[in-house]
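The values are calculated or read from the model by the stated rules, or taken from the named source; none is laboratory data. Computed from a predicted model, the values in this text were never measured in an experiment. Please note: Cβ atoms are built from the backbone with ideal geometry, for glycine as well, and neighbour counts cover all protein chains shown. These area figures cover heavy atoms from the full protein model, side chains too; ligands, DNA and RNA do not enter into them. Shrake-Rupley method; radii C 1.70, N 1.55, O 1.52, S 1.80 Å.
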Amino acid sequence: MKRILVMATGGTIASTPAEGGLAPSLTGEELLRGVPQVAEMCELDYVQPMNIDSTNMRPADWMRMCDGIAERYDDYDGFVILHGTDTMAYTAAALSYLIQESPKPIVLTGSQQPMANPFTDAKLNVFQSVLWATDEASHDVSVVFGGNVIRGTRARKQRTMSFNAFTSVNCPPLAVIRGDRIVRAESAHPIIGTPTLYDRLDERVIVLKLTPGLNPRDLRLLEDGYDAVILETFGMGGVPSYEDSSFERAIFDWVDSGRFVVMTTQVPEEGVDLGVYQVGRPYADHPGILRGGDMTTEALVAKTMWALGQTHDPDEVARLFYRPVNADRTDL
Ligand code: ASP
C-alpha cells in the first residue's frame with residue numbers, strides 16, 4: 001500500500017463557525033475521518049505545520065511546508081496538502097519552484113464549503129486528491145479541485161463560491177477526475193531520480209496593476225522596499241507613452257538601479273507579447289526587464305521570489321526566470 005503524508009494547514013475545509021466568522025479549527029486527522037474511503041486506499045500520516053486562513057499565508061509558511069516535505073520525502077510516496085483556497089495558487093506555484101522535478105506527487109486541495117457543511121465539496125476534493133497522489137503516473141506539484149487536476153504553476157482561483165473554483169490558465173488541465181476515474185489529457189512521463197530543492201526566496205517582490213492615469217512616480221515610491229516589481233500592463237503589454245516619457249524613465253531607472261521589472265498583463269488569459277504595439281516595444285529587449293509570457297501572476301510572484309532568492313546577477317536571474325518549471329510557460 002502507498003504511503004501518503006497529509007499536511008493540513010487550515011482554510012475553509014478545516015473551518016467551523018467562530019465568533020466573528022468562519023475560522024480554521026479542525027486538524028488534518030479530524031478532516032480525513034470525514035472521508036473514510038481514503039484509509040482503504042493508502043497508509044496515512046499527518047502533520048499540521050499551521051492551522052490558518054490562507055489569507056494569512058506568507059512566504060515563510062511556504063518554506064515551512066517545503067521543509068516539512070523535504071524532511072519526510074523519502075518516507076512517503078506522495079503528499080496531500082490541505083490548504084485554504086484564497087492563496088492556494090500562490091502556494092502551489094511557490095512549491096513548484098522550491099521542489100522541482102519531483103518524481104512524487106505533491107497535491108494541494110481544499111474546499112469552498114467546510115467539511116462539516118452537509119453540502120460540502122470537501123469530501124470529493126480530498127478523495128480525488130488522494131486518488132491522484134496514489135496514482136503511479138502522478139508527479140510534481142498540482143492542484144486537485146472540483147474534478148480538475150491543474151499544474152501548480154497554472155492554477156488560479158477564478159470563482160469565490162462555485163465548486164469549480166480553480167481554472168488552469170493558458171494551459172489545459174493535466175487531467176479531469178470523474179468520480180474515481182482519472183482521465184489524463186496526455187500520457188504521463190514519469191520523472192526518475194530525486195527532486196531539486198531550494199531553500200531561499202527573496203520576498204521583496206510586489207505586483208503593480210496599471211490603471212488609466214496612474215502616476216509613474218508611484219513606481220519610484222516602491223524603490224526602497226522592493227527588488228522587483230511585476231507590472232500588470234494593459235493588453236498584450238501596453239505601458240503609457242506620455243509626451244514626457246515619464247513611464248519609460250521610471251521603468252528604466254528602476255532596472256538601471258539593479259532592480260528587476262517583470263512585464264505581464266492584467267488580461268486574464270493568453271499572456272503578453274511586448275513586440276506588437278508601439279506602447280510595449282521599448283520594453284521587449286531590455287536587460288533587467290523580464291517578459292512574463294503566458295505565465296500567471298501567481299506563478300510570476302513565486303518564480304521571481306525564487307530566482308532572486310538564488311542570485312541578483314541579471315544574466316543568472318534571466319537564465320533562471322526563462323527556464324520552464326512545471327510547464328509554467330509555453331511561449332518560449
Ligand atoms: N478564506 C479561506 C482560505 O483561503 C477560503 C477557502 O479556503 O476557501 O483560507
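Looking only at residues that are within 16 Å of the ligand (Cβ to nearest atom) and open to solvent by less than 10 Å² (accessible area, probe 1.4 Å) in region 103-116, which one is nearest to LEU5 (Cα to Cα)?
Among residues in region 103-116 that are within 16 Å of the ligand (Cβ to nearest atom) and open to solvent by less than 10 Å² (accessible area, probe 1.4 Å), the one nearest to LEU5 (Cα to Cα) is VAL107.
Looking at GLY147, GLY152 in this structure, which one is more than 30 Å from LEU197 (Cβ to Cβ), open to solvent by less than 40 Å² (accessible area, probe 1.4 Å) and away from the ligand (no atom under 16 Å from the Cβ)?
Result: GLY147 is the single residue among GLY147, GLY152 that is more than 30 Å from LEU197 (Cβ to Cβ), open to solvent by less than 40 Å² (accessible area, probe 1.4 Å) and away from the ligand (no atom under 16 Å from the Cβ).
In this structure, is THR9 of a type in the set (Ser, Thr, Tyr), within 14 Å of the ligand (Cβ to nearest atom) and surrounded by fewer than 18 Cβ atoms within 10 Å (Cβ to Cβ)?
no
Could you say which residue among GLN278, GLN266 is surrounded by fewer than 23 Cβ atoms within 10 Å (Cβ to Cβ), among the polar types (S, T, N, Q) and closer than 14 Å to LEU208 by Cβ?
The conditions single out GLN266.
Can you pull out the residues in region 154-206 that are of a type in the set (Gly, Ala, Ser) and outside any loop (DSSP other than H, G, I, E, B)?
Correct list: ALA155, SER168, ALA175.
Every residue in region 75-101 that is under 14 Å from the mean Cα position of the chain (by Cα) and more than 17 Å from LEU300 (Cβ to Cβ), please.
ILE81, HIS83, GLY84, THR85, ASP86, ILE99
When the residues of region 248-258 are filtered to those that are part of a helix (DSSP H, G or I) and out of contact with any helix residue (DSSP H, G or I) (no Cβ under 8 Å at 6 or more places or on another chain), which remaining residue is farthest from TYR226 (Cα to Cα)?
ARG249
To keep it simple, each residue is scored yes or no on (1) among the basic types (Lys, Arg); (2) modelled with pLDDT under 95; (3) open to solvent by less than 40 Å² (accessible area, probe 1.4 Å).
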{"position": "PRO212", "(1), (2), (3)": "no, no, no"}
{"position": "ARG217", "(1), (2), (3)": "yes, yes, no"}
{"position": "LEU221", "(1), (2), (3)": "no, yes, no"}
{"position": "VAL229", "(1), (2), (3)": "no, no, yes"}
{"position": "THR233", "(1), (2), (3)": "no, no, yes"}
{"position": "ALA250", "(1), (2), (3)": "no, no, yes"}
{"position": "VAL261", "(1), (2), (3)": "no, no, yes"}
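In region 79-102, is there at least one residue being more than 16 Å from the ligand (Cβ to nearest atom), surrounded by fewer than 22 Cβ atoms within 10 Å (Cβ to Cβ) and touching a residue at least 40 places away in the same chain (Cβ under 8 Å)?
Yes, region 79-102 contains at least one residue that is more than 16 Å from the ligand (Cβ to nearest atom), surrounded by fewer than 22 Cβ atoms within 10 Å (Cβ to Cβ) and touching a residue at least 40 places away in the same chain (Cβ under 8 Å).
How many residues are surrounded by 19 or more Cβ atoms within 10 Å (Cβ to Cβ) and either within 16 Å of THR87 (Cα to Cα) or within 16 Å of the ligand (Cβ to nearest atom) (or both) when one looks only at region 12-52?
The number of residues fulfilling the criteria is 8.
Quick check on my filter: what residues within region 314-330 are open to solvent by 50 Å² or more (accessible area, probe 1.4 Å), farther than 21 Å from ILE206 by Cβ and not hydroxyl-bearing (Ser, Thr, Tyr)?
Listed by number, the residues that qualify are ASP315, GLU316, ARG319, ARG323, PRO324.
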